[in-house]
Amino acid sequence: MVKVAPSVLSANFAHLKEDIEKIEKGQADWLHYDVMDGHFVPNISFGYSILKDVSKVTNLFLDVHLMISEPQKYCDEFIKSGANLIVFHIEAMENKEETLQLISHIKEQNVQVGISIKPNTPVDAINDYLALLDVVLVMSVEPGFGGQSFKEIALDKIKDLASRRKDNNYNYLIEVDGGINETTGKQCKEAGVDVLVAGSYVFNSEDCSQRIASLK
């Protein structure tokens, strides 16, 4: 069964604790936390101080997606604030050496590590790191704003990642984020995905539990 990771970006921040309790009761597996800096992506979300508050009101696995420039400068603050998984973008990295250093640095702190790729970035761009990763996050929309439509190119990448994992005995989970609902979630599951990130589909619903169940 796939894991469902509702994205806190779509929660009601005036009632954040209640919204998190709703998805916990609805059997969510992870909480997806989108960090945007207004530079790497054209939007600004929230930083590590809010993550620290979130970590105090939930025991859900905290999946922190850094859509930021220079993730190596800030990842420690998110780790201190309770992140269980740090996912950074390959497009934010300067070179292979820097990427390997960041993977190693995150792992040394007993936190899981993942790399994300944008819709136009091929899987080959991260091939050298697959053996080291806990998660590969495939973006099925352009990162930056919620509510976008699912791009089907993501399905080919999920299949590609599933076959590379099988052929090489890799251990990463395949996660997808963007435009996920019951229909696109089913397509991703058929392609081999392990974790579905869903924002508005879960939080903008009268019945979070039903929406989460529909993705599993």
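The values are calculated or read from the model by the stated rules, or taken from the named source; none is laboratory data. Keep in mind it's a predicted model, so treat the numbers as computed, not measured. Note: ideal-geometry Cβ built from the backbone for every residue, glycine included; neighbour counts use all protein chains shown.
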- Message: Taking the criterion of being at pLDDT below 95, surrounded by 13 or more Cβ atoms within 10 Å (Cβ to Cβ) and of a type in the set (Ser, Thr, Tyr), would at least one residue in the stretch 145-164 satisfy it?
- Response: no
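Each row is one residue, and each column tells you yes or no for (1) hydroxyl-bearing (Ser, Thr, Tyr); (2) over 23 Å from Ile117 (Cα atoms); (3) surrounded by fewer than 20 Cβ atoms within 10 Å (Cβ to Cβ).
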residue	(1), (2), (3)
Ile180	no, no, no
Gly192	no, no, yes
Glu206	no, yes, yes
Ile212	no, yes, no
- Residue check for Val197: at pLDDT 95 or above, part of a loop (DSSP other than H, G, I, E, B) and of a type in the set (Val, Ile, Thr): no
- Query: Which number in (1) closer than 20 Å to Asp134 by Cβ; (2) part of a loop (DSSP other than H, G, I, E, B); (3) out of contact with any helix residue (DSSP H, G or I) (no Cβ under 8 Å at 6 or more places or on another chain) marks the one condition that Ala83 misses?
  - Reply: (3)
- Here the residues within the stretch 114-130 that are without any contact (Cβ under 8 Å) to a residue 40 or more places away in the chain and within 18 Å of Asn168 (Cβ to Cβ) are Ile115, Pro122, Asp124, Ala125, Ile126, Asn127, Asp128, Tyr129
- Quick check, is Phe40 hydrophobic (A, V, I, L, M, F, W, C), within 22 Å of Tyr129 (Cα to Cα) and over 15 Å from the mean Cα position of the chain (by Cα)? yes
- May I ask you to verify whether Phe78 is within 21 Å of Met93 (Cβ to Cβ), within 15 Å of the chain's Cα centre (by Cα) and of a type in the set (Phe, Trp, Tyr)? yes
- Query: Can Val135 be described as touching a residue at least 40 places away in the same chain (Cβ under 8 Å), out of contact with any helix residue (DSSP H, G or I) (no Cβ under 9 Å at 6 or more places or on another chain) and surrounded by 15 or more Cβ atoms within 10 Å (Cβ to Cβ)?
  - Reply: yes
- Would you kindly identify the helices (runs of 4 or more DSSP H) lying entirely within the stretch 1-80 that contain at least 1 residues that are among the aromatic types (Phe, Trp, Tyr) and either free of Cβ contacts under 8 Å to residues at least 60 places away in the same chain or buried (at least 18 other Cβ atoms within 10 Å of the Cβ) (or both)? 48-57, 71-80
